[in-house]
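Here's the structure, in structure tokens; my notes come after.
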Amino acid sequence: MRQSKSTDIIAELGFIDEIQRLRVIIDNWIGQASREMRPLLEWQFVAKSKYFRPLTIFGCYRAVSNNRIPDTIIRSAAVLEMMHNVTLIIDDIVDESDERRGKATLHRKFGLLPALMASGYIAADGYRMSAGDLHDVQLFSDLLKRLGVAECAQWRLRRQPLDLEDWEDIASEDTGSMFETCACLATRDDRLRKFGHLLGMLYHGCDDVGDVKGLESLGGGGEEDLRDGILTLPAALAIRDAQIAGLFCKLNPSPEDLERISLAMQAQLPAAELHLDHLATSAKWEASLHSANPTTLLALVDHTRELSRR
């Protein structure tokens with residue numbers, strides 16, 4: 001039987017042991033959780049996670065050190081994965097998503113209130129696990145604030161005649177902030193912050209393009225974004241056409257309007273892929289400029305870039 005794509009990239013980057021150590025931390029945490037909360041945590045975390053954010057942490061650490069990745073960095077990666085899942089739970093609720101990673105979303109399985117309470121429980125325990133490391137606490141605090149601002153801004157700006165620069169601002173503060181945090185957790189300074197920022201923007205853009213193509217590699221289709229008028233990379237390019245912009249900005253677009261917008265976005269996929277190529281090149285430049293051993297980081301960029309091409 002062929003290994004999953006996630007297993008492939010974990011093995012390719014040489015982080016099988018580190019991911020196993022991370023899983024031990026998460027499994028032990030779930031095992032010690034409240035009996036009331038444990039079934040929700042098991043459902044959320046025992047799934048087909050790509051672990052791409054922990055892999056980014058491990059890759060950034062390896063780029064600046066030849067030492068074995070210490071337990072403190074594994075813990076940081078586990079907490080980052082926990083915080084990431086907080087955002088997934090909330091995203092699924094807002095998007096009214098029925099499935100993630102091939103099974104029911106947490107709120108569909110257990111109900112809206114339990115899912116919301118689980119997200120708070122996860123965040124609280126993440127901070128408890130990081131309590132002795134003020135560096136991590138500061139990074140996680142900044143991350144959650146930036147993600148909150150980004151999500152509010154993205155929702156406020158839906159169905160607006162924006163452009164590529166606006167998309168870059170949104171991607172920077174959304175996924176870009178998450179991967180910036182990964183880099184800073186790994187090196188405990190800012191030397192790879194810009195690399196993480198660019199890698200996050202690349203991931204965000206590949207997610208947008210993959211959604212339009214109907215790919216499952218990043219988590220599902222883009223019907224919700226189209227329905228809600230969210231500014232994705234293909235949408236930012238498509239609404240340069242005034243007629244498409246007019247349809248995109250409609251408060252209640254008809255199915256025919258949505259179909260025209262969708263076709264316009266599909267027509268912009270080559271331009272979107274070109275923009276992603278530029279982001280990938282910039283990320284590789286940052287990796288090469290600011291790390292002694294950028295090999296793993298370059299492989300991360302290549303893997304991310306391929307996500308929209310599958």
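The values are calculated or read from the model by the stated rules, or taken from the named source; none is laboratory data. Every value quoted in this text rests on a predicted model; they were computed, and no experiment measured them. Positions of Cβ are generated from backbone atoms using ideal geometry, with glycine treated the same way; all protein chains shown enter the neighbour counts. Ligands, DNA and RNA are excluded from the accessible area calculation, which covers all protein heavy atoms including side chains. Shrake-Rupley method; radii C 1.70, N 1.55, O 1.52, S 1.80 Å.
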Consider only pairs whose beta carbons are under 6 Å apart and that are at least six residues apart or on different chains; among these, list those whose first residue lies in region 181-203 and is over 20 Å from residue 67 (Cβ atoms) and whose second residue is open to solvent by less than 10 Å² (accessible area, probe 1.4 Å) and of a type in the set (Ser, Thr, Tyr). 202/304; 203/304
All but one of (1) open to solvent by less than 70 Å² (accessible area, probe 1.4 Å); (2) not in a helix (DSSP H, G or I) hold for residue 86, so report the exception by its number. (2)
Sort out which residues of region 236-250 are open to solvent by less than 50 Å² (accessible area, probe 1.4 Å) and free of Cβ contacts under 8 Å to residues at least 40 places away in the same chain, and write them in order of number. 238, 244, 246, 247
Let me spell it out: the conditions are (1) within 30 Å of residue 242 (Cα to Cα); (2) in contact (Cβ under 8 Å) with a residue 24 or more places away in the chain, and residue 153 meets all of them except one. Which number is the exception? (2)
Which of the residues that make up region 83-105 are under 14 Å from the mean Cα position of the chain (by Cα) and acidic (Asp, Glu)? 91, 92
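Residue by residue, here is whether (1) open to solvent by 30 Å² or more (accessible area, probe 1.4 Å); (2) small (Gly, Ala, Ser); (3) closer than 23 Å to residue 140 by Cα; (4) more than 19 Å from the chain's Cα centre (by Cα) holds:
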position: 44; (1), (2), (3), (4): no, no, yes, no
position: 53; (1), (2), (3), (4): no, no, yes, no
position: 66; (1), (2), (3), (4): yes, no, no, yes
position: 73; (1), (2), (3), (4): no, no, yes, yes
position: 77; (1), (2), (3), (4): no, yes, yes, no
position: 81; (1), (2), (3), (4): no, no, yes, no
position: 107; (1), (2), (3), (4): no, no, no, yes
So which residues in region 251-261 are open to solvent by 30 Å² or more (accessible area, probe 1.4 Å) and either closer than 30 Å to residue 302 by Cβ or assigned to a helix (DSSP H, G or I) (or both), if there are any at all? 255, 256, 258, 259, 260
Give the residues of region 276-310 that are more than 18 Å from residue 61 (Cβ to Cβ), in a helix (DSSP H, G or I), open to solvent by 20 Å² or more (accessible area, probe 1.4 Å) and in contact with an Asp or Glu (Cβ under 9 Å, 6 or more places away or on another chain), sorted by residue number. 284
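Please specify each residue of region 93-105 satisfying the condition of being in a strand (DSSP E or B) and open to solvent by less than 50 Å² (accessible area, probe 1.4 Å).
Matches in region 93-105: 103, 104.
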Quick check on region 1-24: of everything there that is over 21 Å from the mean Cα position of the chain (by Cα) and open to solvent by less than 50 Å² (accessible area, probe 1.4 Å), which residue is modelled with the highest pLDDT? 21
